[in-house]
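The values are calculated or read from the model by the stated rules, or taken from the named source; none is laboratory data. Quantities reported herein were computed from a predicted structural model and do not represent experimental measurements. Cβ sites come from the backbone with ideal geometry, for glycine too, and all protein chains shown count toward neighbours.
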């Protein structure tokens, strides 16, 4: 059914990879009522990666804290996560594409100098390195990456970058000022945020983007930068450096959440938390974490193995949300 749907969508003019991803989601929803993907890792004490949550939504991290906790808020990365906002999420229906061999689980890591690297073997090896400079170049720091709807999205000081496979990238929006959070609603809307309450938004699944000046403008707006972004239970949530939290159903109209107080908002283990409390990140039985310009891998979130050192000494640790878990062609 997924292949037939993909062919039909391809005839409508969509790229083949997007067609396959959409068809996989459609087929899974027909059979299972919109099953979600594996949740991301919980906090540092988390054990196995959680079981799949509801329909994927970018920017929300899955639980993955214990064997008994269902993974993640409804979501495909995010922030999400899962998430992906923060961090990476997984697409609903992806098991169909995985079973057919069209896609494999993948991980993207980002950092200084516009650095992006890709793993397609559960974090054991990393390649497809892309960067614009060597060393800790603040001007080109990518601060967050997420996955959803068949697309990786990385944001930071140089703007918005998108990739359908984690290997080939397109600069989708430039001159945004720094961006530090990115989240996906699981349908077609991406929202990112950064300097002075600015937001960027895509309402067509990441194909086109626009910048909105001071969209999120709580007190001290000129210096109140957005430091985190997640999508949870039908709403985008953005947090600022003054610990304000605002939310929006569409990424355009925002309200202040007066009972919430976070600097870098995230969601894991069935609750809103600050991003450091949702680490390490994980999916598909694998956890990864940054260590300066190196990356480490674990299968239990406790015992770690060095797996990658960046040739340009570009640091991963400065990114708020340096990992996204998604899918790529083999």
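Points worth noting:
- Residues satisfying the stated conditions in segment 293-313, i.e. touching a strand residue (DSSP E or B) at 6+ places or on another chain (Cβ under 9 Å), within 22 Å of residue 114 (Cα to Cα) and either in a loop (DSSP other than H, G, I, E, B) or modelled with pLDDT under 95 (or both): 293, 310, 311, 312
- Candidates in segment 101-120 are the residues that are in contact with a strand residue (DSSP E or B) (Cβ under 8 Å, 6 or more places away or on another chain) and in a loop (DSSP other than H, G, I, E, B); of these, the one that is surrounded by the fewest Cβ atoms within 10 Å (Cβ to Cβ) is 120.
- Across segment 309-319, the qualifying residues are those that are under 21 Å from the mean Cα position of the chain (by Cα) and crowded, with 22+ Cβ neighbours inside 10 Å, and the one among them that is nearest to residue 154 (Cα to Cα) is 319.
- Counting only strands (runs of 3 or more DSSP E) wholly contained in segment 178-271, the ones carrying 1 or more residues that are farther than 24 Å from residue 113 by Cα and in the same structural domain as residue 137 (by TED's automatic domain parsing) occupy 179-184, 199-202, 210-212, 226-232, 235-240, 245-248, 265-268.
- The listed residue being buried (at least 24 other Cβ atoms within 10 Å of the Cβ), within 24 Å of residue 239 (Cα to Cα) and in contact with a strand residue (DSSP E or B) (Cβ under 9 Å, 6 or more places away or on another chain), out of 123, 148: 148
- In summary, residue 277 fulfils each of the numbered conditions (1) under 19 Å from the mean Cα position of the chain (by Cα); (2) part of a loop (DSSP other than H, G, I, E, B) with the single exception of condition (2).
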